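The values are calculated or read from the model by the stated rules, or taken from the named source; none is laboratory data. Since this is a predicted model, take the numbers as computed values, not measurements. Every residue, glycine among them, receives a Cβ derived from its backbone with ideal geometry; neighbour counts consider all protein chains shown.
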Amino acid sequence: MNDWKCYLCGHTEFTERDGQVRDAPALKILQCAHCGLVTLSSLSHIQAGFYEESNMHGSNVVPMEVWLRDTDWDDQRRVDMLKPMLANKNVLDFGCGAGGFLSKAQFLSNSMVGIELERRVREFWAGKICIHSDLDDAGGGFDLITAFHVIEHLADPVAMLQALAGKLSKNGRMVVEVPSSEDALLTLYSSSAFQRFTYWSQHLFLFNAQTLQDLAERAGLRVISVQQYQRYPLSNHLHWLSQGKPGGHQKWNFLDNVELNQAYANTLAAIGKCDTLIAHLEQVS
């Protein structure tokens, strides 16, 4: 890897992170020694047509109804989070996945458009929700553009953020949500089981708060905020640390309550160790 160069800052020195890519163990997990961007040692395994044909799911392509059910909690969380920004607005959801956020948010917004490469998603919602495969077909003038766990899949996220910025209305806002490279299970607790599970060949990059801000600024956007958010509760973390397996938020949910989980999330946020980052961005005036 003598020719490796950081996508974000251009520096050539890196360290290797502990763990492995769960579905492609030959790939290395690299962290730029200068800016901290985490990336895979190669991005060439994602070929044209990969996402269109549902390859994201591997050999386990679940029915659309199951996918929507499994992601409903995240869809509802995002609608609740953005409700004030959705009201009577023109909204674009880029990389809309199963379409659950669109299906919920359409009743609050003035108009709702999705972009999704996966063909079966567009076929499932045909005649119900407007979903395109190409950003160029979506029009423009959007008051809100969302991208939930999408840009880490892209080989050139700067170019895509620039393209999305061109679709914003004059005072439009972009909300980008990504998994955090500083997740407590990775960097605080150093759970070897989690380090062998969470890295995925389709996550070409992982960002921390600073590299996400740097990415947005390289794309010519103004960063309003980068927020720490904890999706998974304490029960999930305890299960990883004790059993070395996922699913603790379901198997050990008797440990959870609102006050405990909020206190834990607040503590992780204060030290920058949440599992998720949410950036609010706008065009530079």
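What the table below lists for this structure:
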{"item": "Qualifying residues in segment 171-208 (those that are out of contact with any strand residue (DSSP E or B) (no Cβ under 6 Å at 6 or more places or on another chain) and of a type in the set (Val, Ile, Thr)) - the one nearest to ILE145 (Cα to Cα)", "result": "THR198"}
{"item": "So GLU123, is it of a type outside the set (Phe, Trp, Tyr) and within 25 Å of ALA279 (Cβ to Cβ)", "result": "no"}
{"item": "Per-region count, segment 6-18, residues more than 12 Å from ARG218 (Cβ to Cβ) and either in contact with a helix residue (DSSP H, G or I) (Cβ under 7 Å, 6 or more places away or on another chain) or loosely packed, with under 13 Cβ neighbours inside 10 Å (or both)", "result": "4"}
{"item": "Cβ pairs under 7 Å, 6+ apart, first in segment 269-285 and closer than 9 Å to VAL226 by Cα and at pLDDT below 95, second not acidic (Asp, Glu) and not in a loop (DSSP other than H, G, I, E, B)", "result": "none"}
{"item": "Of residues in segment 115-127 being at pLDDT below 95 and surrounded by fewer than 17 Cβ atoms within 10 Å (Cβ to Cβ), the one farthest from GLY95 (Cα to Cα)", "result": "GLY127"}
{"item": "Residue in segment 109-132 that is of a type outside the set (S, T, N, Q), assigned to a loop (DSSP other than H, G, I, E, B), more than 30 Å from GLN228 (Cβ to Cβ) and in contact with a Leu (Cβ under 9 Å, 6 or more places away or on another chain) present", "result": "yes"}
{"item": "Where a residue in segment 183-209 is farther than 12 Å from ILE29 by Cα and its partner, wherever it lies, is among the aliphatic types (A, V, I, L, M) and assigned to a loop (DSSP other than H, G, I, E, B), with Cβ under 8 Å and at least six apart", "result": "LEU188/ILE271; GLN202/ILE46; PHE207/LEU37"}
{"item": "Test: residue in segment 29-40 that is at pLDDT below 95, under 20 Å from the mean Cα position of the chain (by Cα) and among the β-branched types (Val, Ile, Thr)", "result": "no"}
{"item": "Any pair with Cβ under 6 angstrom, 6 or more apart, that starts in segment 242-264 at a residue that is closer than 15 Å to PHE194 by Cα and ends at one that is in a helix (DSSP H, G or I)", "result": "GLY244/ALA193; GLY248/SER235; GLY248/ASN236; GLY248/HIS239; HIS249/SER235; HIS249/ASN236"}
{"item": "Segment 2-25, residues that are of a type outside the set (Gly, Ala, Ser), in a loop (DSSP other than H, G, I, E, B) and free of Cβ contacts under 8 Å to residues at least 24 places away in the same chain", "result": "ASN2, ASP3, LYS5, THR12, GLU13, PRO25"}
{"item": "Whichever residue in segment 140-153 is in contact with a strand residue (DSSP E or B) (Cβ under 7 Å, 6 or more places away or on another chain) and in a loop (DSSP other than H, G, I, E, B) and, among such residues, is surrounded by the most Cβ atoms within 10 Å (Cβ to Cβ)", "result": "VAL150"}
{"item": "Checking SER103 against (1) among the hydroxyl-bearing types (Ser, Thr, Tyr); (2) modelled with pLDDT of 95 or more; (3) touching an Asp or Glu at 6+ places or on another chain (Cβ under 7 Å), the condition it does not meet", "result": "(3)"}
{"item": "Index of the failed condition, GLY172 passing every other in (1) surrounded by fewer than 19 Cβ atoms within 10 Å (Cβ to Cβ); (2) more than 28 Å from GLY248 (Cβ to Cβ)", "result": "(1)"}
{"item": "Residue count for segment 41-90, restricted to those that are at pLDDT below 80 and outside any loop (DSSP other than H, G, I, E, B)", "result": "3"}
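One line per residue, one yes/no per condition, for (1) crowded, with 20+ Cβ neighbours inside 10 Å; (2) among the small types (Gly, Ala, Ser); (3) outside any helix (DSSP H, G or I); (4) modelled with pLDDT of 95 or more:
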residue: ALA159; (1), (2), (3), (4): no, yes, no, yes
residue: GLN162; (1), (2), (3), (4): no, no, no, yes
residue: VAL176; (1), (2), (3), (4): yes, no, yes, yes
residue: LEU186; (1), (2), (3), (4): yes, no, no, yes
residue: SER190; (1), (2), (3), (4): no, yes, yes, yes
residue: TRP200; (1), (2), (3), (4): no, no, yes, yes
